[in-house]
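Please read the structure below before turning to the comments.
The values are calculated or read from the model by the stated rules, or taken from the named source; none is laboratory data. Just so we're clear, the structure is a prediction, and the values are computed from it rather than from any experiment. Methodologically, a virtual Cβ is constructed for each residue, glycine included, from the backbone with ideal geometry; neighbour enumeration extends over all protein chains shown.
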Amino acid sequence: MRFISRKFHAVLDYIVGILLIAAPWLLGFADVEPAMWVPVIIGIAIIGMSIFTDYEGGAVKAIPMGAHLTMDVIAGLILAASPWLFGFADQVFWPHLIVGILEVGAGLFTVSASQHSRTNNHRSELRGAH
C-alpha cells in the first residue's frame, strides 16, 4: 500500500538531504570520519537525484520516479547498514539506522505514478462514457 504522495516525497527528499549533510555536526559525530562521510554523501546524492527526478520537486525531470524510489531503498539500506559495513557501530549507529529505515520506507510507500496523470486519465474516461 502506497500512501505517501509524490509532492510530499519531494519535500521530504530536500529536507532529509539537508539534514543528512548537517547531521554529523548537529548530532556530534563529525569527528568519526566514516560516520560523517556516509550521511553527507547520501544527502548530496538525494538532493542531486531529486533535482533530476521526473516528479513535483524535480527541475530537470530526467530520472523516472520508479528509478528514484529504487535508489531511495538502496540508499536507505546502505545508510542503515553503514555503521557495521564501515566499522563505526561502536561509536555511533542510531542516526544512520533510523534515517536509513525511514528512507527505505519512503521508497516503498510513495506513490510512483503522477496524480496529475491519474486525474487527467479519469476525466478522459468520464468524457468517453457520456
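Is it fair to say GLY28 is more than 21 Å from ALA113 (Cβ to Cβ) and either surrounded by 14 or more Cβ atoms within 10 Å (Cβ to Cβ) or within 11 Å of the chain's Cα centre (by Cα) (or both)?
No, not satisfied.
State which residue is modelled with the lowest pLDDT when the search covers only segment 80-113 and only residues that are in a loop (DSSP other than H, G, I, E, B) and loosely packed, with under 15 Cβ neighbours inside 10 Å.
ALA113
Being within 14 Å of the chain's Cα centre (by Cα) and either exposed (fewer than 13 other Cβ atoms within 10 Å of the Cβ) or of a type in the set (Val, Ile, Thr) (or both) is the filter here; which residues of segment 56-73 pass it?
Within segment 56-73, ILE63, GLY66, THR70, VAL73 meet the criteria.
Can you tell me which residue among VAL92, VAL99, VAL38 is within 20 Å of ARG2 (Cα to Cα), hydrophobic (A, V, I, L, M, F, W, C) and touching a residue at least 40 places away in the same chain (Cβ under 8 Å)?
Answer to the check: VAL99.
Criterion first (out of contact with any helix residue (DSSP H, G or I) (no Cβ under 7 Å at 6 or more places or on another chain), acidic (Asp, Glu) and modelled with pLDDT of 95 or more) does ASP72 satisfy it?
Values: out of contact with any helix residue (DSSP H, G or I) (no Cβ under 7 Å at 6 or more places or on another chain): no; acidic (Asp, Glu): yes; modelled with pLDDT of 95 or more: yes.
No.
Given the condition assigned to a helix (DSSP H, G or I) and closer than 14 Å to VAL111 by Cβ, answer yes or no: does some residue in segment 34-44 qualify?
No, every residue in segment 34-44 fails to be assigned to a helix (DSSP H, G or I) and closer than 14 Å to VAL111 by Cβ.
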